[in-house]
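Structure first, then comments.
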Amino acid sequence: SLSSISFGKDKKPLTREQHEQLRWKKILRLVNEEITTIKRARRQSQKLMYRLFELKSEKVKLYKEKENKEFVAKKMKYGKKVKRHQIFRRTIQLYKAANSFGHMLLKKYPRTHYKAAIYYTLALNSRDFAYDNKELGYLKNAIKYSKNQRKVRYLATTSLAEYYYNNKKYNMAVSQYEKIIDNREDEWLTKNLYNYG
């Protein structure tokens, strides 16, 4: 759809950067619109609240993408003078808000069906946005509460295996990979097998 507005009688085609900016703004607008719609709903069900948590997490991802481009550009120009905390301020601010919202849901709905999924999302957010060393605890809780939720359990186990692998705890990584490498439907099968090997 963006390519269709790239050309006009007197307009030049949009550059790749302009395409990316348009895409970013469009996704942000859609996320904000859905957040507003959920907040206006009369009945705030657990399902809606979990969806709101997902959207808050998606918003963090969008700002991380934007601020990462700024970080890379400034790093190339100024080198070591540029510090992460100077650039990723909005990302961290939104991460903290999403993290608090996730914990609020766990406290408000202690027996919610979404408990494992909330912990899994908290783990991914911690890993990707905050680097606050909370990922491991969240992943273990996601697995703990995913008894009858095969998808969440599989994803959390895969992430836990990667966590141990990346932290050079190879024996622990192997024990987790052994639980998932039989899944031939996983698009990351070759990566999992490589790490396991």
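The values are calculated or read from the model by the stated rules, or taken from the named source; none is laboratory data. Source: prediction; values computed, not measured. Note: ideal-geometry Cβ built from the backbone for every residue, glycine included; neighbour counts use all protein chains shown. Areas reflect the complete protein model, heavy atoms only, side chains present, ligands, DNA and RNA absent. Shrake-Rupley method; radii C 1.70, N 1.55, O 1.52, S 1.80 Å.
Summed over qualifying helices (DSSP H, 4 residues or more, each -39500 (n - 2.57)) and divided by its residue number, the chain shows a 222 nm mean residue ellipticity of -22500 deg cm²/dmol.
Can you list the chymotrypsin sites (Phe, Trp or Tyr not before Pro) in region 18-64 that are in a DSSP coil and have 10 or fewer other beta carbons within 10 angstrom? Qualifying residues, ordered by number: none. Filter K107/K147; K26/K107; K96/K191; K25/K47 down to the pairs with a C-alpha to C-alpha distance above 29 Å, please. As for pairs spanning more than 29 Å Cα to Cα, those are K26/K107; K96/K191. Of the residues I35, V60, Y50, the one whose Cα sits farthest toward the positive end of the charge dipole of region 29-83, with +1 on the Cβ of Lys and Arg and -1 on the Cβ of Asp and Glu, is V60.
Give the relative contact order (percent, whole number) for region 41-100; include only Cα pairs under 8 Å separated by 6+ residues. Relative CO of region 41-100 lands at 42 percent. How far, in degrees from 0 to 90, does helix 150-166 lean away from the longest principal axis of the Cα atoms of the chain, to the nearest 10? It works out to around 80 degrees.
What percentage of the solvent-accessible surface of the chain, computed with a 1.4 Å probe over protein heavy atoms, is contributed by carbon and sulfur atoms? The computed percentage sits at 52. The loop-placed trypsin sites (Lys or Arg not before Pro) in region 37-98, going by DSSP, that have at most 12 neighbouring Cβ atoms within 10 Å of their Cβ come out as R42, R43, K83. Estimated from the Cβ-Cβ distance and a Förster radius of 41 angstrom, the FRET efficiency linking K80 and V174 is about 0.65.
A 1.4 Å probe, protein heavy atoms only, puts the accessible area of L193 near 70 Å².
Could you tell me the relative contact order of the chain? Use alpha-carbon pairs under 8 Å, at least six residues apart, and round to a whole percent.
After rounding, I find 12 percent.
Taking all protein chains together, M76, M172 sort by accessible area into M76, M172, largest first [probe 1.4 Å]. Net charge dipole, region 1-156: roughly 280 debye, given to the nearest 20, about the Cα centre with Cβ charges of +1 for Lys and Arg and -1 for Asp and Glu.
Per residue, the chain exposes 69 Å² of accessible surface when a 1.4 Å probe is rolled over the protein heavy atoms with every protein chain present.
Among the listed pairs K80/K169; K134/K169; K39/K61; K83/K168, a Cα-Cα separation exceeding 28 Å is found for K80/K169. Within the straight-line cut-off of under 20 Å between alpha carbons, the aspartates and glutamates reachable from K66 are E17, E20, E33, E54, E58, D128, sequence neighbours fewer than 8 places apart in one chain being disregarded. The C-alpha atoms of the chain define a longest principal axis, and helix 89-108 lies at about 40 degrees to it.
Computed from Cα positions, the angle between helix 115-125 and the longest principal axis of the chain comes to roughly 50 degrees. Projecting the Cα positions of N167, V152, Q93 onto the charge dipole of region 62-167 (unit charges on Cβ atoms of Lys, Arg, Asp and Glu, taken about the Cα centre) puts Q93 furthest along the positive direction. Using the Cβ-Cβ distance between Q44 and K96 with R0 = 25 Å, the FRET efficiency computed as 1/(1 + (r/R0)^6) comes to roughly 0.70.
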